[in-house]
Amino acid sequence: MSDSLYSVDNQVHSFCSHDGRASINDQCARAVEIGLNEIGFTEHKDFDPFDPEVDYFDYDEYRAQIERARQLYGDVLDIRAGIEIDYQIWFEDKIASYLASHPFDFVLGSVHYIHRKMLMTDDYNRGRTRQIAYKDYFSAVKDSVKTGLFDVLAHLEYANRRGIAAWGPYDPAEFEDDLLGLFETTAQTPMALEINTAGLHQGLGITYPHPHTVRLFARAGGKRISIGSDSHHPDQLGHAYDYAANIAQDNGFSKVCTWHERALKEVPISS
Ligand SMILES: [Zn+2]
């Protein structure tokens with residue numbers, strides 16, 4: 001982590017997520033060790049009643065653990081209590097009512113499934129062409145943005161996690177119209193586009209989204225960037241932060257977003 005960068009990892013999971021592999025305190029200890037200024041926890045919250053993990057997330061337990069971590073690390077680290085919402089259009093109302101009664105510092109909107117089918121699996125791809133498989137995904141992301149429920153457009157192009165294996169190499173130029181349309185809609189909201197480095201530590205070799213897609217976001221008038229490692233284990237925390245910060249800066253974004261009780265603050269990436 002370069003000393004001159006303001007480093008805030010805005011996508012971090014713990015045992016409060018069904019697939020987390022660290023405690024909140026473990027992640028905070030690692031954050032201090034690698035010199036993060038700020039850590040934003042974003043546990044998974046799901047709403048599909050048929051999902052076996054649907055009730056895994058425990059809001060009160062999460063807030064209690066965040067409070068304990070703030071007591072231990074609060075003088076050296078800003079700790080945010082965020083949430084990663086799995087968005088599917090058919091339970092949009094449930095998301096809205098949940099967020100109305102459960103306060104968070106910030107909220108990520110993520111598309112992992114469309115109508116209960118995980119993106120780019122055989123089940124999802126059946127009956128779709130490559131073009132339609134991606135276009136349907138971008139259209140679902142646009143629906144999520146239009147809800148106005150979220151602060152962050154999280155891991156855009158996450159479809160590539162399985163899409164590249166299923167359909168071959170991905171070039172954002174092929175979907176430029178879809179992406180520009182999505183970003184024009186996003187630019188009318190306060191939402192930030194996340195540069196998520198999980199594609200790098202998952203072996204995909206590219207960020208979510210692709211650096212060229214970040215360029216399209218800038219071209220469409222996009223104003224805000226968030227950076228997240230999607231760390232589920234302390235080894236992944238802050239992964240390739242400098243690289244993500246460079247992608248932002250190369251495309252004219254000089255600030256990174258953070259949120260406290262849903263209030264946005266933009267901090268210069270470099271001092
Ligand atoms: Zn996710």
* Tell me the strands (runs of 3 or more DSSP E) entirely within the range 1-92 that contain at least 2 residues that are touching a helix residue (DSSP H, G or I) at 6+ places or on another chain (Cβ under 6 Å) and more than 16 Å from the ligand (Cβ to nearest atom). => 78-86
* Structure fact -> Going through (1) within 16 Å of the ligand (Cβ to nearest atom); (2) under 17 Å from the mean Cα position of the chain (by Cα); (3) not aromatic (Phe, Trp, Tyr) one by one, Gly163 fails only at (2)
* Taking the range 186-208 as the search range and keeping residues that are buried (at least 17 other Cβ atoms within 10 Å of the Cβ) and among the polar types (S, T, N, Q), which one is farthest from Ala244 (Cα to Cα)? -> Thr186
* Residues of the range 100-122 being under 27 Å from Thr258 (Cα atoms) and either within 16 Å of the ligand (Cβ to nearest atom) or surrounded by 18 or more Cβ atoms within 10 Å (Cβ to Cβ) (or both), which ones? -> Phe104, Asp105, Phe106, Val107, Leu108, Gly109, Ser110, Val111, His112, Tyr113
* Looking at (1) touching a strand residue (DSSP E or B) at 6+ places or on another chain (Cβ under 6 Å); (2) crowded, with 24+ Cβ neighbours inside 10 Å; (3) not basic (Lys, Arg), which is the only condition Asp46 fails? -> (2)
* Does Ile95 satisfy being more than 17 Å from the chain's Cα centre (by Cα) and either within 16 Å of the ligand (Cβ to nearest atom) or farther than 21 Å from Glu43 by Cβ (or both)? -> no
* Residue in the range 171-186 that is under 20 Å from the mean Cα position of the chain (by Cα), within 16 Å of the ligand (Cβ to nearest atom) and modelled with pLDDT of 95 or more present -> no
* Hey, does the range 123-146 have a residue that's surrounded by 17 or more Cβ atoms within 10 Å (Cβ to Cβ), aliphatic (A, V, I, L, M), part of a loop (DSSP other than H, G, I, E, B) and at pLDDT 95 or above? -> no
* **Residue within the range 44-61 that is within 24 Å of Phe138 (Cα to Cα) and among the β-branched types (Val, Ile, Thr) present** => no
* Mind checking whether some residue in the range 188-198 is more than 16 Å from the ligand (Cβ to nearest atom), of a type in the set (Val, Ile, Thr), in a loop (DSSP other than H, G, I, E, B) and more than 25 Å from Thr121 (Cα to Cα)? -> yes
* Taking the range 25-45, which residues are of a type in the set (A, V, I, L, M) and more than 27 Å from Arg224 (Cα to Cα)? -> Ala29
* Asked: If you check every pair at least six apart or on different chains, which have Cβ atoms under 8 Å apart with a residue in the range 69-93 that is free of Cβ contacts under 8 Å to residues at least 24 places away in the same chain first and a residue that is away from the ligand (no atom under 16 Å from the Cβ) second?
  -> Arg70/Ile79
* Structure fact -> Looking across the range 212-234 at residues that are touching a residue at least 40 places away in the same chain (Cβ under 8 Å) and surrounded by fewer than 18 Cβ atoms within 10 Å (Cβ to Cβ), the single one that is nearest to the chain's Cα centre (by Cα) is His233
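The values are calculated or read from the model by the stated rules, or taken from the named source; none is laboratory data. On a predicted model such as this, the values are computed, not experimentally measured, just so you know. All Cβ positions, even for glycine, are placed from backbone atoms using ideal geometry, and neighbour counts span all protein chains on display.
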